[in-house]
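Any read-out appearing in this document is the output of simple, stated calculations on the displayed coordinates, not a laboratory observation. From a predicted model like this one, the values you see are computed outputs, not experimental measurements. Cβ placement follows ideal geometry from the backbone for every residue including glycine, while neighbour counts extend to all protein chains displayed.
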Amino acid sequence: MNSSYQQLVKNLDYLKLKKMREHLDEIIDTAMSNQQSFVEILVRWTNHEIDMREKNMIKSMVKVAAFPHLKEVKDFDFSFQPSVNKQQILDFISLRFINENENIVFLGPSGVGKTHLSTSIGIVAARNRVSTYFIKCHELIQQLKKAKIENRLEARLKHYKKYKLLIIDEIGYLPIDPEDAKLFFQLIDLRYEKRSTILTTNVSFKSWDEVFQDSKLANAILDRILHHATVVNIIGKSYRIKNHFEQEDE
Ligand SMILES: Nc1ncnc2c1ncn2[C@@H]1O[C@H](COP(=O)(O)OP(=O)(O)O)[C@@H](O)[C@H]1O
Ligand SMILES: [Mg+2]
């Protein structure tokens, strides 16, 4: 082996070009067989490195999003939940709504697939390099409260504002103090018409007064969420207790 080859290997290691190092011999063989131009060979060689970085970037976007699981649209049984329009969900995963800064609200009882569907849209967004974050409403409010106590509310709000897609799961499972509702309002207001948010709730909008325990605030929140939103109202059986139904049917 000649010394410039050794030097090249050292350079690639030093520059941490792992994939170019891995494909070096194959690239040299191609170059020797004269099948491609020098530039074409360089493009092919550097593409190996770019592919790996792209894959790593996508992995890290999905990791940062903190999804509860990695269930996708293909894992959703649309025949079990006929009130969900598959074409509409496919339109969501085209991510058109994110370009338009629109919101999606999944409304329906427990177990009908609200978290599953919002996560599956979020996964597509993260894989397409859209900064995405998944959080339960209760956890979000705890984080905002904590930030307020520690005098860093503004920074925290800015942090949650920056995500191109924020998924707020389970609004209404736990009641929210009016003081905390104000924090939630601030975030919704900051994102209004600038960012997309997916929300899930088991509480119909007319009962959000009770969730936020302040009807003016509840209205202001709903107003901003629903102004540019698609509401997916899921009426159906819980998938969690699907087997019980099947047994009853037998
Ligand atoms: N139509 C469906 N096809 C496949 N799995 C489903 C379907 N609906 C719900 N599930 C699964 O059932 C469980 C409950 O769904 P989930 O999305 O958490 O319900 P929700 O958030 O509405 O309470 C999850 O494991 C989810 O993946
Ligand atoms: Mg859920």
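What list do you get for LEU217, LEU117 if you sort them by fewest beta carbons within 10 Å?
By the 10 Å Cβ count, ascending, the order reads LEU217, LEU117.
Mind jotting down the distance between the C-alpha centroids of region 19-75 and region 176-250, whole Å?
For region 176-250 versus region 19-75, the Cα centre distance is 41 Å.
In region 29-159, how does Rg compare with the Kirkwood Rh, expressed as the Rg/Rh ratio over alpha carbon atoms?
Checking Rg against Rh, the ratio lands at 1.15.
Which order results if HIS116, HIS159 are arranged by neighbouring Cβ count within 10 Å, fewest first?
Fewest-to-most Cβ neighbours within 10 Å comes out as HIS159, HIS116.
From the phi of every residue in region 172-179, what ³J(HN,Hα) in whole Hz does the Karplus formula 6.51 cos²θ - 1.76 cosθ + 1.60 yield, where θ is phi - 60° and glycine or proline is x?
x, 6, 10, x, 10, 4, x, 4
Taking the number of other C-beta atoms within 10 Å as the exposure measure, put TYR239, TYR14 in order starting with the fewest.
TYR14, TYR239
Mind running the shape call on region 2-64? Use the C-alpha gyration tensor, a ≥ b ≥ c as the square roots of the eigenvalues: rounded below 1.5 for a/c, prolate if a/b tops b/c, oblate otherwise.
Note, shape of region 2-64 comes out oblate.
If you add up the charges near ASP223, with Lys and Arg at +1 and Asp and Glu at -1, over every other residue whose beta carbon is less than 11 angstrom from its beta carbon, what do you get?
Residues close to ASP223 contribute a combined charge of +1.
Among the listed pairs LYS86/LYS164; LYS63/LYS136; LYS19/LYS71, which are separated by more than 19 Å between their Cα atoms?
LYS86/LYS164; LYS19/LYS71
Can you tell me the FRET efficiency between GLN213 and SER33 if r is taken as the Cβ-Cβ distance and R0 is 51 Å, rounded to the nearest 0.05?
My answer for the efficiency is 0.10.
Once both axes come from the Cα atoms, what is the angle between helix 24-33 and the longest principal axis of the chain, in degrees from 0 to 90, rounded to 10?
Rounded to the nearest ten degrees, it is 50.
Can you give the extra length, in nm with one decimal, that the chain gains between LYS71 and ARG53 once fully stretched, where that is 0.36 nm per residue apart less the Cα-Cα distance?
4.1 nm
If I fit a long axis through the Cα atoms of helix 38-64 and take the longest principal axis of the Cα atoms of the chain, what angle between them do I get, 0 to 90°, rounded to 10?
Orientation of helix 38-64: about 30 degrees from the principal axis.
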